[in-house]
Amino acid sequence: MSFVHLHCHSEYSLLDGANRIDDLIARAREFEQPALAVTDHGNLHAAWEFQDKARKAGLRPIIGMEAYVAPGDRRQRGRVAPDAKPYFHLVLLAANQTGYRNLIKLSSLAYTEGFYARPRVDRELLERYGEGIIVSSACMAGEIASHLMANRYDQAREVATWYAERFPGRYYLEVQAHRSEGQEALNEAVFRLAADLSLPVIATNDSHFLKAEHHDAHDVLLCIGLGKDREDRDRMRYDRGLYFKSHAEIAEHFPGRPEVLENTLRIADECDLHLAKRISVPSFPLPPGAASENELLVRLASEGAVRRYGDPLPPAAKERLEYELEVITRTGYAGYFLIVADFIRAARERGIPVGPGRGSAAGSLAAYALGITDVDPLRWDLLFERFLNPERVSMPDIDVDFCFERRGEVIEYVREKYGQDAVGQIVTFGTLKSRAAVKDVGRVLGFTPAETDALAKLIPNQPNFSLTVREAVEKVPDVAKLYRGDERYRRLLDYAIELEGLSRHTGVHAAGVVIAPGPLDEYVPVFTQEVKGSRGQGSGFNGAESRVPGHESRSPAESRVPSHESRVIVTQYDMNALEQSGMLKMDFLGLTTLTVIHDALESIRRRTGAAPDLATIDPADPETYRMLRLGRTVGVFQFESPLATDMLRAMRCDRFDDLVASNALMRPGPLDAGMHRVYQRRKRGEEPVTYALPELRPILEPTYGVITYQEQVMRIAQVLAGISLAEADLLRKAVGKKDKELIQQELGKFIEKAVARGYQRRVIEELAAQIETFGRYGFNKSHSVAYSVISFQTAWLKCHYPADFMAALLSSSIGDTDSVVKFINEAREIGLEVLPPDVNESGYKFTVVGEKRIRFGLGAIRNVGRGAIESILAARADRPFTTLFDLAERVDLRLCNKRVFEALVHSGALDTLEGHRAQHIAVLDTAIQEASLKAADREAGQASLFGGVLADDAGPMAERHLPVLPNLPPLTESERLTREKEILGFYISGHPLEPYRAECELFATHSVSQLGTWTEGSVSIGAVVTGIKKQVSRRTGAEFARLTVEDFSGSSEILVFPEAWAALAHRVRTDVPVLIKGGYSRRDQGVENPTFIVETVQRFEELRVSGQVAVAIELAPQPAAADLDTDPELPPDVFRDVRAVIDAHPGSAPVEVRFRDADGSARLRSKTLKVAASGAALAELRALLGPGRVKLVRVA
């Protein structure tokens, strides 16, 4: 006798089931079980993947779900009685196609209508959608089990009768083959009820893990889901018997009752469901006069081509367009193109920026003609077959970039056009990856965060090199040492190995959207997901992954805009399952760079009256490439990283093709193969460019003979083997898949066909080897060209309109302190002045207030919300604010509370009003109180004693009592900057390091922003400590510290080990400029964000008196014309005053006089004169001699 598991949980019973689909199928096959059901808690996440893999393995799949059933109406939130359960369990199995469709409905409606703690159905839904579904009474959490265990036999009988009547011949009672407390007694009660009502019984095991020895790892997983410590006695525990058992193990629990196993086989025989791909694309609403989608597409594309190329069309464009339209209409994708073109048109009509293209779609001339892309495929030799291969047709994939802030408006347009219930987002699954598994398991086992962080960092996790936990134990010496030598760590790592890769939580795909021909839940199961969206995302759609339960995760870009929470409709199937099922899915990506470009152009238009047309700028602009070669790539799309900057410098970038090639070469494969270095050497003329055949020159010349793009592989195959581009695309795909057998098969065809056309076999075989080596790393040229267009546009704007571009870039980073600091530093380095916020001049975003001046945005001030800012801007529209009292009277105090005013004061936003910050804080309560009273009087309509009604239009100069500010000293610089940083996250009106900028340049080897890259040897940084986090080592009990440090470039966290901290703790204070020396551990080499370890800390004020710094006075017969304003010609007797300053500030810094003229230069150091290298002494010397003539230099 055999047996079929009909109650079984996969990993998609998130953090509750530990069975991987592949493992379940393999185990069922091992036990010679003919079928298998997967019944996850409340969802069908696994359904498509499971049925597809099971059929391929020769196992009959049964799609099911363990549903949650509300005790009353599913829509009722709350318990029906104080001691009542909010839901019961019930197993539902799809017997056929109708049952599958109904299961989809039940699963979906449980979320959209019945969600309360869990997604719940009710009896009304079960009756409505019961056809084709087989039901069993489930586990101890089932309704019948609950009644039987509480000795409510009559109620259990009543429930069973209800189900038996609604599901005639399809309702089974369930007994289970494990020894959980009370299970055996429950089984006997179920048998009694079955006999009483003549109902069939099935045996199940509620399998949550695969083998008996996996119980402990599953228990750890359960604790992760519950957020409990494993040693916590007051938590849920599962019986050790809830594993995937053989039929013999099941049978031994039910001696003399073979029917409970036979019934599982009977159900398996009754379940006959085959799911096949069915293309489900909505019909495009045809306008009057259009006979069909095909006819409309041809007409719109032909009209668009004329706009692009002129009338008549050039022969090449005409031929290509006709070919593409024939393929598109023949394959039935005209509607798809019309849908995409329509929502892109709608976006542009609404002024929403759209990207020039993305992915292989940029290779389509039809897409270019329809306005879907803005990249001419003929100009750049981009191939349609790379996008849509007529010889192996699959659903086209057009992904579109929109302005990040307004992406949601486009999705909302699609929802309105095709139906609110027909459009949804797509699920993603966060998994327990190596580092996450270590941290989660460690937390459950009682490890400290510091311990798990340190262990996780030992496991490589880079895009081009990552290891699993098992591999790390074998290959990373430090991990292996802990595994062999410490039982605690061995246990942690063993559990992490078992759990790694399991699905941990659901999320929402950052960009994926699915559009169905009708309500989504008639095609695929859906669920609701709570997400943090943004105002720009529109109607609950957001641009990032969100986690359940209770954990939301947003991308850095998304966290920069105001947010709200909402529930959105999401498919239970992921991208792969949707594609396999035939649903129309596409990516609506929110690209912050498009927002930056849009804001920069709007800024230019406001300032100058007109904005440049980026479609017409010169792609060969020499000034732009000069800027890129100089390494000024901060803010340039795709080229901000040190690697990208170095690549542009090394190749002496001077043309658009260099940007395209760089975008393609900056990938792990080409970088590992050294292809970028070959390109650089050949471009610089250091290595000859040769072509094995003259036919290759026009194909490979743009990349100096280096096979860089997938399209080049296709062109080579087409030209040499005489095959079509569609056939050549099959070769490209084979090479890219790294399938040795398939590669040899396709390359073999290429070789034979090329040799048959007269080419030498040796030459063709060598070329085939190159294609195999380089072609597998080849990048999609269509995508590279499209993104290089955006790269060039950002570079051009930065070069020609730096203030507008940097203001837009800063605005896009509101909320991301590190980026704001980096961009402010870059703005200053390129000669721009970033002014503090000002209530009389700032907008929400950063704004340009002069050719080279940027005003800080009010939106970047902490504790000042959008509503408060809108109130300030509205009041300011009448006239500028003059005093704090004037401001308080004119804004809406319901939006601008005391916290808002304090933030405005300390950020410097009120510095242009009467008084200074200390005075403003002193009178703040009075100002708000008086303004509140006047607002109350206005609302009551009270008249003043002088007969006039109190009104806002009295004007700032009206004759009324003006409060007097108290006579207080201003805040000290240290206090001012500290408060400023609290509110802004960084310093804006100054920096504690500013007086020591020279020392930073002299003694620091790196900036703080460079600490994320491992460096060999000693590293020195000049910084201020802005945060001190003291911790105690769990192992030794010694105190150590993590310091947050900041310089002009940004902030970072660094580590001080116990021994060093014991010596340095008394020297480390916040906001004190220091020189920090340290380095990196050898074991951190190659890891992401290695930890900088501090060795010594020296205060700069001490450094100045240590004799390591000298004061240099530079003299020249006549200063350069550019310096005359700051360094005028010196009077003859000035050195008497200089000597007086030196005598007044005695110290240890030697004085040097440096002289230069046309004949050369000389340096004289006094043996007797020494001065204090203090701010006061330097200020007096610079006042006498000019700022450019007095410098600090390092003593050799």
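Odds and ends about this structure:
- Residue under evaluation His9, criteria (1) in the same structural domain as Ala145 (by TED's automatic domain parsing); (2) under 19 Å from Thr204 (Cα atoms), criterion not met: (1)
- Only helices (runs of 4 or more DSSP H) whose full extent lies in the range 149-236 are considered here, and the ones with at least 1 residues that are assigned by TED's automatic domain parsing to the domain that holds Pro71, within 23 Å of Gly130 (Cα to Cα) and of a type in the set (Ser, Thr, Tyr) are 153-166.
- Helices (runs of 4 or more DSSP H) enclosed by the range 668-767 - at least 3 residues per element that are modelled with pLDDT under 90, in the same structural domain as Met647 (by TED's automatic domain parsing) and of a type in the set (D, E, K, R): 725-737, 740-756
- Any hit, the range 377-386, residues being assigned by TED's automatic domain parsing to the domain that holds Leu300, surrounded by fewer than 23 Cβ atoms within 10 Å (Cβ to Cβ) and touching a Ser or Thr at 6+ places or on another chain (Cβ under 7 Å): no
Condition check ((1) modelled with pLDDT under 95; (2) surrounded by fewer than 21 Cβ atoms within 10 Å (Cβ to Cβ); (3) closer than 24 Å to Gly582 by Cβ) across all residues:
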| site | (1), (2), (3) |
| --- | --- |
| Met65 | no, no, yes |
| Pro82 | yes, yes, no |
| Lys85 | yes, yes, no |
| Leu90 | no, no, no |
| Leu109 | no, no, yes |
| Arg123 | no, yes, no |
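- Residue identified as closer than 26 Å to Asp397 by Cβ and of a type in the set (A, V, I, L, M) among Met586, Met627, Met647: Met586
- Some residue of the range 46-55 being modelled with pLDDT of 95 or more and either within 24 Å of Val220 (Cα to Cα) or assigned to a loop (DSSP other than H, G, I, E, B) (or both): yes
- Arg392 being among the basic types (Lys, Arg), touching a Leu at 6+ places or on another chain (Cβ under 9 Å) and surrounded by 24 or more Cβ atoms within 10 Å (Cβ to Cβ): no
- Residue within the range 734-751 that is within 32 Å of the chain's Cα centre (by Cα) and crowded, with 20+ Cβ neighbours inside 10 Å present: yes
- Some residue of the range 382-397 being outside any helix (DSSP H, G or I) and either more than 30 Å from Met714 (Cα to Cα) or touching a strand residue (DSSP E or B) at 6+ places or on another chain (Cβ under 6 Å) (or both): no
- Checking each residue of the range 177-195 against the condition of being within 44 Å of the chain's Cα centre (by Cα) and under 15 Å from Ser136 (Cα atoms) gives no match.
- When the range 1-23 is filtered for residues that are in contact with a helix residue (DSSP H, G or I) (Cβ under 8 Å, 6 or more places away or on another chain) and outside any loop (DSSP other than H, G, I, E, B), the ones remaining, listed by number, are His5, Cys8, Ile21, Asp22.
- Selection of the range 1052-1082 for residues being more than 22 Å from Leu1103 (Cβ to Cβ) and surrounded by fewer than 19 Cβ atoms within 10 Å (Cβ to Cβ) yields Glu1053, Phe1057, Pro1058, Glu1059, Ala1062, Ser1081, Arg1082.
- Among residues of the range 838-887, those that are among the small types (Gly, Ala, Ser) and either within 27 Å of Pro802 (Cβ to Cβ) or in contact with a helix residue (DSSP H, G or I) (Cβ under 7 Å, 6 or more places away or on another chain) (or both), counted: 8
- Count of the range 1148-1175 residues which are outside any strand (DSSP E or B) and over 53 Å from the mean Cα position of the chain (by Cα): 2
- Among (1) among the small types (Gly, Ala, Ser); (2) out of contact with any Ser or Thr (no Cβ under 8 Å at 6 or more places or on another chain); (3) buried (at least 19 other Cβ atoms within 10 Å of the Cβ) - the single one Ala661 does not satisfy: (2)
- Residues located in the range 1139-1163, provided they are surrounded by 12 or more Cβ atoms within 10 Å (Cβ to Cβ) and within 13 Å of Glu1114 (Cα to Cα): Val1151, Glu1152, Val1153, Arg1154, Phe1155, Arg1156, Arg1163
- Contacts under 7 angstrom Cβ, first residue in the range 609-634 being over 11 Å from Cys799 (Cα atoms), partner outside any helix (DSSP H, G or I), 6 or more apart: Ala620/Arg655; Arg629/Arg652; Arg629/Cys653; Val634/Glu640
- Applying the criterion of being surrounded by 23 or more Cβ atoms within 10 Å (Cβ to Cβ) and of a type outside the set (Phe, Trp, Tyr) to the residues of the range 890-902, the residue that is farthest from the chain's Cα centre (by Cα) is Val891.
- The range 617-641: number of residues that are assigned to a loop (DSSP other than H, G, I, E, B), under 23 Å from Ala786 (Cβ atoms), under 29 Å from the mean Cα position of the chain (by Cα) and not hydroxyl-bearing (Ser, Thr, Tyr): 7
- Considering the conditions (1) without any contact (Cβ under 8 Å) to a residue 40 or more places away in the chain; (2) more than 30 Å from Phe856 (Cβ to Cβ); (3) surrounded by 15 or more Cβ atoms within 10 Å (Cβ to Cβ), Val1045 is excluded by exactly one of them, (2).
- Residues satisfying the stated conditions in the range 853-889, i.e. over 37 Å from the mean Cα position of the chain (by Cα) and crowded, with 21+ Cβ neighbours inside 10 Å: Phe881, Leu884, Phe885, Leu887, Ala888, Glu889
- Flag: Ile771 matches the condition of being more than 30 Å from Ile617 (Cα to Cα) and of a type in the set (Val, Ile, Thr).
- Unique match (being closer than 23 Å to Leu388 by Cα and assigned by TED's automatic domain parsing to the domain that holds Phe779) among Ala650, Ala664: Ala664
- Qualifying residue in the range 331-338 (condition: among the small types (Gly, Ala, Ser), out of contact with any Phe, Trp or Tyr (no Cβ under 7 Å at 6 or more places or on another chain) and crowded, with 18+ Cβ neighbours inside 10 Å): yes
- Residues of the range 773-815 classified as farther than 30 Å from Arg386 by Cα, touching a Gly at 6+ places or on another chain (Cβ under 9 Å) and outside any helix (DSSP H, G or I), total: 2
- Those residues of the range 86-106 which are of a type in the set (Ser, Thr, Tyr) and out of contact with any strand residue (DSSP E or B) (no Cβ under 6 Å at 6 or more places or on another chain), in sequence order: Thr98
- Of all residues in the range 239-271, those being crowded, with 18+ Cβ neighbours inside 10 Å and farther than 23 Å from Pro34 by Cα number 0.
The values are calculated or read from the model by the stated rules, or taken from the named source; none is laboratory data. Everything numeric here is computed off the predicted structure, so don't read it as measured data. So basically every Cβ, Gly included, is an ideal-geometry build from the backbone, and we count neighbours across all protein chains shown.
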